[in-house]
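For reference, the structure discussed in these notes is given below.
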Amino acid sequence: MAKSKARRSPLKAAPLRHAGQSVQAYRWKLLEKTLWWPFVIWSGLLITTINAWQYTFFGTVPNPWLLSMLLLLSSIYLLYKVLRLKPTMSRLKMAYQGEQVVGEFLDQLRAEGYRVFHDIVGDQFNIDHVLIGPTGIYTVETKTYSKPENGRAELLFDGHSIRIGQGQPSTDAVIQARAQSGWLRALLQESSGKDFDVFPVILFPGWYVKSSGRPKRPIWVLNPKSLPVFLNRRQPVLTSSDISLSSYHLSRSIRADEKWDLAKT
């Protein structure tokens, strides 16, 4: 019998990541970590209990009462875990959908000459989106929060902190966005040998954003629909070769980090 010839993948590189990929992966990992063993135990007890009752109905010796009690306890435990996990899964689902919606919106900017990248993974963090185009390089952090039942969904950016609705002002998102832009700037400088300025942006889908102060360091806090207006106000700072160079090095970094198995099959 002739020995089959070795085959190899037709893919030369891993694909780029899509919007919300890290959030979706974390949701599934959390679901598996939290519910896998409770579900396995519950399933085993369910099958065993059914068999025991069948023996009982046929007049055989095994008694199903103990197994029924264990099944009841495991069912209560599984329900408890599901109810505890539900709010977190709902928040992650909303975050994933927010990144998807913003990603689709940003993809429309390709017609304006922008390169769009999604879900760039760093060291224990990720950048939701990156825009590279004539007016510069931007990291885009998407924040998706549920809106109040009544009243206006409004947040205030005072140039330093963000207050969502009637909540307390917080600098967390601002610090996060600036750290991401700094990380990307260092990455591109190390990879390409050229120092590109990277501008941080935070987008809040569905919220009306009010600004009451000028930040000491440049940053935009916007509703996604306002982003094209702000981009159009900026003067071009990157040449086509700059756009190609920075996009190439970012693409190469993303693909290098992807652990896709392109081994021979």
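The numbers here are math on the coordinates, done by the rules we state, and not lab data. Just so it is clear, the structure is predicted and the values come from calculations on it, not from any experiment. For neighbour counting, all protein chains shown are included, and Cβ atoms are generated from backbone atoms with ideal geometry for every residue, glycine included.
In what order do K210, K216 fall by count of nearby beta-carbon atoms within 10 Å, going from fewest to most?
Working: K210 12, K216 8.
Ranking K210, K216 by Cβ neighbours within 10 Å, fewest first, gives K216, K210.
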Subject >> Neighbour-count order for E190, E99, fewest beta carbons within 10 angstrom listed first >> reply: E190, E99
Original post:
In a shell of Cβ-Cβ distance under 13 Å around T144, excluding T144 itself, what net charge do Lys and Arg (+1) and Asp and Glu (-1) give?
Top reply: +1
**OP:** Any of K194/K216; K93/K210; K33/K86; K33/K147; K29/K147 with alpha carbons more than 22 Å apart? Name them for me.
**Re:** K194/K216; K93/K210; K33/K147; K29/K147
Original post:
Going by how many other Cβ atoms sit within 10 Å of their own, how do H249, H160, H129 line up, fewest first?
Top reply: H160, H249, H129
Original post:
Once a ≥ b ≥ c are taken as the square roots of the eigenvalues of the Cα gyration tensor of segment 115-265, is the result rounded (a/c under 1.5), prolate (a/b larger than b/c) or oblate (a/b not larger than b/c)?
Top reply: prolate
**OP:** Using a cut-off of 12 Å between beta-carbons, work out the net charge of the residues near L227 (Lys and Arg +1, Asp and Glu -1, L227 not included).
**Re:** +2
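Kindly rank 85-94, 231-240 from highest to lowest mean number of other beta carbons found within 10 Å of each residue.
My ranking of the peptides, most packed first, is 85-94, 231-240.
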